[in-house]
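Participant: Next up is a structure, given as structure tokens.
Since every read-out is calculated from the coordinates, none of them should be taken as a lab result. Because the structure is predicted, anything quoted here is derived from the model rather than measured. Here the Cβ positions follow ideal geometry from the backbone for every residue, glycine too, while neighbour counts run over all protein chains shown.
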Amino acid sequence: MNARQNPSLTAMGWELLRLGAVAFGGLGATLALLQRGLVDRRQWLQERDIGEALAITKALPGSTGIQVVAYLGWRLRGWPGALLAAAAFIAPAAVLMIVAAAGSLALPDQPWVKGALTGVQISVVGLLAAAMWRLARSEAKGPTLTAVLLASCVLGFFIHALIIVVGAGLVGALFAAGRVGG
């Protein structure tokens, strides 16, 4: 982290609440928002802090975006910062989700509500497919990693995800050991 003074919990919380309110588009968009808000605009962190957060959290289960936010909050203000950062960042999305759920429950038989939900559902599938395509292109560098990617995709229809992740980790470890000379 740079030599600047860390923000107060209040300032950090408001900034992450603001960023959470405009965080649409998945992990890439979230990282860009964090870069602009915390590094470029506020200068609370350095670019390498976001890269480090991504590297540490990428292999963990769960939402990488919120894990990155929590890690950055921890870097700025310790454990209270991690908890506040995560809560502030997800609060806008949680409120919107509660309002949407309440609306769909209050008006379940309205054709326009069903149509809106169907439109949202199919757009989310499309956005996830696009995000996965971009992620696959950025991560599967070389024939071995492309083979692991394709095998994981096919096996995902038949085998539990945990088995695939552990197996792919073992393949990666063996591949790396062979390249190092072990």
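Participant: Checking the condition in a loop (DSSP other than H, G, I, E, B) and either without any contact (Cβ under 8 Å) to a residue 60 or more places away in the chain or in contact with a Pro (Cβ under 8 Å, 6 or more places away or on another chain) (or both), which residue from Q35, Q43 passes?
Facilitator: Q43
Participant: Are there any pairs with C-beta distances below 8 angstrom linking a residue in segment 75-86 that is more than 19 Å from Q43 (Cβ to Cβ) to a residue that is assigned to a helix (DSSP H, G or I) and of a type in the set (S, T, Y), with the two at least 6 apart or on different chains, and if so which?
Facilitator: Hits for this filter: A82/Y71.
Participant: Any residue at all in segment 19-28 that's outside any helix (DSSP H, G or I), surrounded by fewer than 19 Cβ atoms within 10 Å (Cβ to Cβ) and on the phi > 0 side of the Ramachandran plot? Break it down stepwise before answering.
Facilitator: Filtering segment 19-28 for residues outside any helix (DSSP H, G or I) gives 22-26.
Narrowing the set further to residues that are surrounded by fewer than 19 Cβ atoms within 10 Å (Cβ to Cβ) leaves 22, 24-26.
Now narrow it down to the ones that are on the phi > 0 side of the Ramachandran plot: 25-26.
Scanning segment 19-28 turns up at least one residue that is outside any helix (DSSP H, G or I), surrounded by fewer than 19 Cβ atoms within 10 Å (Cβ to Cβ) and on the phi > 0 side of the Ramachandran plot.
Participant: A follow-up question, please. Of all residues in segment 106-153, which are within 24 Å of V171 (Cα to Cα) and more than 24 Å from the chain's Cα centre (by Cα)? Steps first, answer last, please.
Facilitator: Kept after step one, since they are within 24 Å of V171 (Cα to Cα), are these residues of segment 106-153: 132-153.
Residues satisfying the conditions are G142, P143, T144, A147.
Participant: Considering each residue of segment 131-182, count those that are aromatic (F, W, Y), surrounded by fewer than 11 Cβ atoms within 10 Å (Cβ to Cβ) and part of a helix (DSSP H, G or I), and give that number.
Facilitator: Total satisfying the criteria: 1.
Participant: Moving on. Across segment 107-153, what is the number of residues that are among the charged types (D, E, K, R) and closer than 18 Å to G167 by Cα?
Facilitator: 1
Participant: Further question on the same structure: Can you find a residue in segment 1-22 that is of a type in the set (A, V, I, L, M, F, W, C) and within 30 Å of A161 (Cα to Cα)?
Facilitator: For segment 1-22, residues of a type in the set (A, V, I, L, M, F, W, C) and within 30 Å of A161 (Cα to Cα): absent.
Participant: So, of the residues in segment 33-69 that are small (G, A, S) and under 17 Å from A86 (Cα atoms), which turns out to be surrounded by the fewest Cβ atoms within 10 Å (Cβ to Cβ)? Give the steps one after another, and end with the answer.
Facilitator: Of the residues in segment 33-69, the ones small (G, A, S) are 37, 51, 53, 55, 59, 62-63, 65.
Of the ones still in play, those that are also under 17 Å from A86 (Cα atoms) are 37, 53, 62-63, 65.
On the way: G37: 18, A53: 23, G62: 8, S63: 15, G65: 22.
Checked segment 33-69; the qualifying residue surrounded by the fewest Cβ atoms within 10 Å (Cβ to Cβ) is G62.
Participant: Inside segment 106-127, can you point out the residues that are exposed (fewer than 10 other Cβ atoms within 10 Å of the Cβ) and outside any helix (DSSP H, G or I)?
Facilitator: Selection gives D109 alone.
Participant: Quick one: what pairs do we get from segment 53-74, first residue over 12 Å from L34 (Cα atoms), second assigned to a loop (DSSP other than H, G, I, E, B) and of a type outside the set (F, W, Y), C-beta under 9 Å, 6+ apart or different chains?
Facilitator: Sorted first by the residue in segment 53-74, then by its partner, the pairs are T64/K58; Q67/K58; Q67/L60.
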